[in-house]
Amino acid sequence: MPKGQVWRAEWSTYADRTTGFSVRQLTNCPPSHNTHFYFHDPCWTPDSSRLVFRSNRTGKTELFSLNILTGEIVQLTDGGAGGACACHFRPEVFYSAGKEFRAVNVETLEERTIGGLPEGVSCYSGPSENADGSLLVFGGKVGTRRGLLAMRVRDGEVSTLWLTDGTPSHVNCSLVDPEWIMHCDSTLPDGKPKQRVWVLSTDGTRHWHPYTQTAQEWLTHESWLGKTGKLLFCYWPTGIKEINADGSGERLVAAVNAWHAGASRDGAYCVVDTNWPDRGIHLIETATGRMCKLCESDSATGNAKADVEVHPHPSFSPDGKWVLFGSQRTGLPEVYAVETAQARQQQERWWATGHEWWRW
């Protein structure tokens, strides 16, 4: 189907079986798979009026927008779309298409090509926009080596920032400092564990791991703590931690078996899914560690063989009013949302574990 095709609202609401909070299933177009972006990749327009998701409802995986007020769905691309992220400043979405990075306007559907990849260069991750919008940073291959590369938005020029024999991934630019890029690099070529959480400067000259993990520690997923300049990572199964980019100020935020943790833009809250066991999706007050369960995930985070597209990967809308997550409660991957006001207005539902965990 062509770009611009419109689908009427597919959403429905239900009361979560354990919290009673209202949850909205946003997509429902069987037998297609509908998924939101990875938890640290923005998928909303800056004003939080529309979100962008992936769907194969047309036979190819394309990008679609959903109006959060009306539920109307509009097809944004028609040639296939790879990894993507929403622009911080405009109602645009950057995405990969073969050897190119492109941008499509969510409101007008106007499309432009940012640039193409040189001969011998390929990308294996979607783009991440840096804090001033000047660069799209991505995981790529140069010959046989993998690393982090950047494309300049104004003219499409590509530069190689850092190459390695490992497998770096989860490219995630800071929301406040245009020079900082977080990524993970969890294995050496021989498969042995190494330091996971890294920060790289956009000129490639500085590269460090703010948190030095021991062989007994299991770090799962990392992201920026909103616009605080701090890092947030899951210290499974102990809890979630925050740390300054320079490695100072390490702090246990909350004791919870979180698998992914995404922060609100102001860093006041984070939202987590849980794993082994799956205890559902929780909203956490960052300063105090108090938490409130939002809903069940009805996902497959406790199944090591499950496809990643059915992991919840919860994240906030820019205004913090919505938590977006994925679930296959109906048997197919779909996109869901829950309003955070339901929890914030009922403070009696919040609790703190008060538990201190020792580091190995």
Checklist entry - To the nearest Å, what is the center-to-center distance of the stretch 254-287 and the stretch 32-46, using C-alpha atoms only? => result 18 Å
Checklist outcome for this item: In whole percents, the bins of 10 Å from zero upward hold the Cα-Cα pairs of the stretch 200-324 as 13, 44, 32, 10, 0
Next on the checklist: Take Thr330 and Glu72, extend 7 Å from each Cα along the Cα→Cβ direction, and tell me the distance between the two endpoints in nm.
Outcome noted: 2.1 nm
Checklist outcome for this item: When the charge dipole of the chain is computed with +1 at the Cβ of Lys and Arg and -1 at the Cβ of Asp and Glu, the Cα pointing farthest to the positive end, of Asn67, His209, Gly331, is that of Gly331
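According to the Kirkwood expression over distinct Cα-Cα pairs, how big is the hydrodynamic radius of the chain, in Å?
On the way: mean 1/r = 0.0484 Å⁻¹.
After inverting the pairwise mean of 1/r, the radius is 20.7 Å.
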Checklist entry - Computed over the Cα atoms of the stretch 30-77, what is the ratio Rg over Rh, Rh following Kirkwood? => result 0.96
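Using the Cα gyration tensor of the stretch 242-303, with a ≥ b ≥ c the square roots of its eigenvalues, what is the shape: rounded (a/c below 1.5), prolate (a/b larger than b/c) or oblate (neither)? Walk me through the numbers before you get to the answer.
Values: a/c = 2.31, a/b = 1.73, b/c = 1.34.
Here the stretch 242-303 falls in the prolate category.
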Next on the checklist: How large is the convex hull of the C-alpha atoms of the stretch 45-101 per residue, in Å³?
Outcome noted: 69 Å³
Checklist entry - Charges only on Cβ, +1 for Lys and Arg, -1 for Asp and Glu: so what's the dipole of the stretch 90-147 about the Cα centre, in debye to the nearest 20? => result 400 debye
Checklist entry - Taking only the alpha carbons of the stretch 1-102, what extent do you get along each of the three principal axes, in Å, biggest first? => result 46, 30, 22
Item to check | Residue among Val142, Leu231, Gly249 farthest towards the positive dipole end of the stretch 137-258, charges placed on Cβ | outcome: Val142
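Based on the alpha-carbon set only, what is the convex hull volume of the stretch 78-124 divided per residue, in Å³? Walk me through the numbers before you get to the answer.
On the way: hull volume 3.6 nm³, N = 47.
With only Cα atoms used, the stretch 78-124 gives 76 Å³ per residue.
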Item to check | Within the stretch 118-242: Cβ-based charge dipole about Cα centre, in debye rounded to nearest 20 (Lys, Arg +1; Asp, Glu -1) | outcome: 260 debye
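With all pairs of different alpha carbon atoms counted, what Kirkwood hydrodynamic radius in Å does the stretch 77-231 show? Mind dumping the intermediate values first?
Working: mean 1/r = 0.0622 Å⁻¹.
Final number for the Kirkwood radius of the stretch 77-231 is 16.1 Å.
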Checklist entry - By counting other Cβ atoms within 10 Å of each Cβ, how are Glu72, Glu110, Glu348 ranked from fewest to most? => result Glu348, Glu110, Glu72
Item to check | Principal axis dimensions, largest first and in whole angstrom, of the stretch 36-168 by Cα | outcome: 47, 34, 25
Checklist entry - When the dipole is taken about the Cα centre of the chain, and only Lys, Arg (+1) and Asp, Glu (-1) are charged at their Cβ, what size is it in debye, to the nearest 20? => result 420 debye
Item to check | Nonlocal amide H pairs with Glu250, under 5 Å, H built at 1.01 Å | outcome: Asn244
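Laboratory data are not the source of any read-out in this text; all were calculated from the coordinates shown. What you are looking at is a predicted structure, and each value in this text was computed from that prediction instead of being measured. Heads up, the Cβs are rebuilt from the backbone with ideal geometry, glycines too, and the neighbour counts pull from every protein chain shown.
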